[in-house]
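Reviewing the structure listed below.
The values are calculated or read from the model by the stated rules, or taken from the named source; none is laboratory data. Keep in mind that this is a model prediction, so the values were computed, not measured. Cβ coordinates were reconstructed from backbone atoms using ideal geometry, including for glycine residues, and neighbour counts include every protein chain displayed.
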Amino acid sequence: MGAQITRHEFRRIFADIQQGLFIFQSERRIPKDLPVLHTGQLVSDRLCAMRAEDRRYQIDGVLRNIIADHAAVHMTHIEVLFAPTLGIDALGALLSLCRNKKICLSWPGIVQDGRLIYGEPSQPDYYSTDFSGMMDTYVITE
């Protein structure tokens, strides 16, 4: 199940965990020794080469290819995953990548009442989800 943990707990358990999605409220708390992948640029470069109507069906494969060579990674600029034209569950897509991998990212929105929120309700890219039921998901707080 999803858990909200402190940065001190994170430092204590990170090395022993084999897989998971680690969501930080502050990018400066992400371990510095991880490879950094500019998700927005990498995804956009690959999707631009595809027909617009094929992109939503190819995004999972694109994400898998981006992280394929890494056991643990720091993904930045994930905002592209909230694009309404992709029609995906951004957090679900990231979680599906975590089998035997550790993905760290800084949440580009807010964490409030057990929810991860991106954007404003009036915007087309608005996203809100309850992370408590998500396996291998850790939200790291100050």
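For segment 1-29, taking the residues that are under 22 Å from T129 (Cα atoms) and assigned to a loop (DSSP other than H, G, I, E, B), the one that is modelled with the highest pLDDT is identified as Q19.
Considering segment 87-142, the qualifying strands (runs of 3 or more DSSP E), each wholly inside and each with 1 or more residues that are of a type in the set (A, V, I, L, M), touching a strand residue (DSSP E or B) at 6+ places or on another chain (Cβ under 8 Å) and without any contact (Cβ under 8 Å) to a residue 40 or more places away in the chain, run over 110-112, 115-118. Screening the candidates A83, A72 for the property of being under 13 Å from L21 (Cα atoms) and either surrounded by 13 or more Cβ atoms within 10 Å (Cβ to Cβ) or more than 14 Å from the chain's Cα centre (by Cα) (or both) yields one hit, A72. For segment 30-49, a residue qualifies if it is outside any helix (DSSP H, G or I) and either among the aliphatic types (A, V, I, L, M) or surrounded by 13 or more Cβ atoms within 10 Å (Cβ to Cβ) (or both), and the qualifying residues are I30, P31, L34, V36, L37, H38, A49. Note on segment 126-142: residues that are over 11 Å from L95 (Cβ atoms), under 15 Å from the mean Cα position of the chain (by Cα) and among the polar types (S, T, N, Q) amount to 1. Scanning segment 26-57 for residues that are in contact with a strand residue (DSSP E or B) (Cβ under 6 Å, 6 or more places away or on another chain) and touching a residue at least 40 places away in the same chain (Cβ under 8 Å) gives E27, I30, L34, V36, T39.
The single condition from (1) under 18 Å from M1 (Cα atoms); (2) touching a Cys at 6+ places or on another chain (Cβ under 7 Å) that D130 fails is (2).
Of the residues examined, V73 is one that is closer than 25 Å to R12 by Cα and in contact with a Pro (Cβ under 6 Å, 6 or more places away or on another chain).
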